[in-house]
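Encoded as structure tokens, the structure appears first; notes follow it.
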Amino acid sequence: MTLSKRTLWLLFVALLVATALVTFFGPAERTLGANLRLVVLHGAWVWAGKAAFALAGLAGLVGLLWAKRRAALTGWSLALGRTGLAFWLTYLPMSLLVMQLNWGGLFFDEPRWRVPFTFGVVAVLLQAGLAVLRIDWLTCAANLAFGVALWAALGGAVNVLHPDSPIFGGDSARIQWFFIILLALSLAVGVVFTLLVRKNKPETAQK
């Protein structure tokens, strides 16, 4: 069954509203209070972005290896890359707000901010360049390289003020389930957004 663009837009808006409502009515915490809700949302949002970039890279890898299906896989890689970028560009200001609310100021030298910000700038330039060049193999290779680099850099980033595992480092099942639900909603938002981007068929011109 193929969903129309109008149906996808309605589903996209409904998922965003559901995400906002779940966040608004989420649990508070003794130290962070109600600010915990935004902290958890920002965590789920960045994981959804990482997942989109990883899938863009995986589609790129398969596209490089499977020449007969490269055009279609390039389209999916491009759509997933743009989905990852959309999450990233909305996650970064959310991260600043989380800093301000919970740390009482902005600490731009925090590796968990500096590394994602750097990759955000690179992602904007990369996706813009790929849209202009429209070369299948280059799109596949670039999204694969970006996805690997992003995951490797974030995996190796140290923490200064950022806690190591703010959700699963504690023993609150309620907070953990809150994160899981928000992550599921965020991933669903990503799926629908990818389908919307793919509906526009951003096909490339050269193989």
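The values are calculated or read from the model by the stated rules, or taken from the named source; none is laboratory data. Note that the structure is predicted; figures quoted are calculated from it, not measured. A quick note on method: Cβ atoms are made from the backbone with ideal geometry, for glycine too, and the neighbour counts reach across all protein chains shown. Note: accessible area is taken over every heavy atom of the protein model, side chains too, but ligands, DNA and RNA are not part of it. Shrake-Rupley method; radii C 1.70, N 1.55, O 1.52, S 1.80 Å.
Output the DSSP H helices from the chain with an along-axis C-alpha extent of no less than 27 Å and a mean Kyte-Doolittle hydropathy no less than 1.0. Answer set is 5-24, 35-65, 111-133, 136-156, 173-199. Averaged over residues, the count of other Cβ atoms within 10 Å places the peptides 9-18, 40-49 in the sequence 40-49, 9-18, highest first. In this calculation the C-beta distance from Lys68 to Ser4 is compared with R0 = 41 Å, giving a FRET efficiency of 0.90.
Whole-percent P(r), the chain, all Cα pairs, 5 Å bins from 0: 1, 7, 14, 18, 17, 16, 12, 8, 4, 2, 0, 0. Accessible surface computed residue by residue for the stretch 102-148, with neighbouring protein chains in place and a 1.4 Å probe, gives 50 Å² per residue. Does the stretch 46-143 come out rounded, prolate or oblate, given a ≥ b ≥ c as the square roots of the eigenvalues of its C-alpha gyration tensor, rounded meaning a/c under 1.5 and, failing that, prolate meaning a/b above b/c? Verdict is prolate for the stretch 46-143. Loop-located trypsin sites (Lys or Arg not before Pro) in the stretch 1-66 (DSSP state other than H, G, I, E, B) with a sparse environment of at most 14 neighbouring Cβ atoms within 10 Å: Arg30.
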